[in-house]
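A.B. asks: Below are the structure tokens for one structure; questions will follow.
What follows draws every value from the coordinates through simple rules; no lab data is involved. Being a predicted model, the structure only gives us computed values, none of them experimental. Cβ placement follows ideal geometry from the backbone for every residue including glycine, while neighbour counts extend to all protein chains displayed.
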Amino acid sequence: NLVMIESLKKLNLSQKLEECKWSGAVNFLLIRDHVLLIKRSEQMPTHAGQLAFAGGHRNKSEVNPIDTALRELNEETAIDISEVNTIGILASVSSSSLSKIIPVISYIDADPKLLVSELKSNGEWDEAILVPIEYFKDMERWSYGLSIKENNEYKIYFCSINSDAFISTKSDSELKSHLLWGATAQMMWNFFKLCP
């Protein structure tokens, strides 16, 4: 959605990174009116089987989360990062291990079906899906639970994604519904607070 992209570009999507002490970044990649999510492999040592954005840990030489997010996107999907337009960053989100993760919003003007057919896994994911961004705007699809840690209460967001709602790297006969939750769902929720 080019209107949404233009409105995002007008926002100041930045934060004081030196205060954040970030340890990783993810690529919140928009492909026209879709968003890219990966289903992490069941063999991964952390977050196995969960939906996530492509991303990962910061290298010691990386001072900017955009560099981390682009590197990880290329490593995990083989997307040519010269085709990726970076828009900015959202507020950090803490993972379950309390690591600070920075979501980097970026955009590719490509046909979603063609792009998904060209994705290549580096072994960290079993399926990639492109979900229309409009799907997540329907508040009826969202729910949340409360978690209390050290006398702090916070929400954990959940969004069910029906198997007929996305484009997948899997064949139609292999498609299953997914549940978006945790840090990735929080990032999606934060995105819509910023850009309703």
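A.B. asks: For region 18-76, compute Rh as the Kirkwood radius over C-alpha pairs and then the Stokes-Einstein diffusion coefficient at 20 °C and 1.002 mPa s; write the answer in µm²/s, rounded to an integer.
C.D. replies: Once the numbers are plugged in, D ends up at 174 µm²/s.
A.B. asks: Show me the ranking of peptides 163-169, 58-64 by mean Cβ neighbours inside 10 Å, starting with the highest.
C.D. replies: 163-169, 58-64
A.B. asks: Between region 34-74 and region 101-141, what's the alpha-carbon centroid distance in Å?
C.D. replies: If you average the Cα positions of each part, the centres end up 12 Å apart.
A.B. asks: Contact order normalised by length for the chain, with contacts defined as Cα pairs under 8 Å and 6 or more residues apart; what percent is it?
C.D. replies: Taking the mean separation of contacting Cα pairs over the length of the chain, I get 24 percent.
A.B. asks: For a 32 Å ceiling on Cα separation, which of these pairs sit above it: K60/K113; K100/K120; K120/K155; K39/K60; K113/K149; K113/K193?
C.D. replies: Among K60/K113; K100/K120; K120/K155; K39/K60; K113/K149; K113/K193, the Cα-Cα distance tops 32 Å for K60/K113; K120/K155; K113/K149.
A.B. asks: I would also like to ask the following. Hey, can you grab everything whose amide H is under 5 Å from the amide H of I87? Only 5+ residues off in sequence or another chain; H modelled, so Pro and N-termini drop out.
C.D. replies: It is I105, S106, Y107, by chain and number.
A.B. asks: Find the all-direction average of the projected area of the Cα convex hull for region 141-188, expressing the result in square nanometres with one decimal place.
C.D. replies: 4.1 nm²
A.B. asks: Related question: Please state the shape class of region 90-196: rounded when a/c is under 1.5, otherwise prolate if a/b exceeds b/c and oblate if not, all from the C-alpha gyration tensor.
C.D. replies: In terms of gyration-tensor shape, prolate.
A.B. asks: I've got another one for you. Is there a quick way to get the dipole size of the chain? I mean about its Cα centre, with the Cβ of Lys and Arg at +1 and of Asp and Glu at -1; what is the value in debye to the nearest 20?
C.D. replies: The calculated dipole for the chain is roughly 600 debye.
A.B. asks: Right, something else. Considering the chain as a Gaussian network with a 10 Å cut-off on Cα pairs, which listed residue, L146, L90, L114, attains the greatest mean-square fluctuation?
C.D. replies: L146
A.B. asks: Quick one: the Cα spread of the chain along its three principal axes, in angstroms, biggest first?
C.D. replies: Cα extents, longest axis first: 45, 37, 36 Å.
A.B. asks: Give the peptides 81-87, 65-71, 151-157 in descending order of average Cβ contacts within 10 Å, highest first.
C.D. replies: So the peptides 81-87, 65-71, 151-157, ranked by packing, come out 65-71, 81-87, 151-157.
A.B. asks: Moving on to the next point. Near K176, which aspartates and glutamates are there with a Cα under 16 Å away, not counting those fewer than 8 places off in the same chain?
C.D. replies: E42, D126, E127, D164
A.B. asks: Could you compute the net charge surrounding F136? Neighbours are other residues with a C-beta less than 13 Å from the C-beta of F136; K and R count +1, D and E count -1.
C.D. replies: -1
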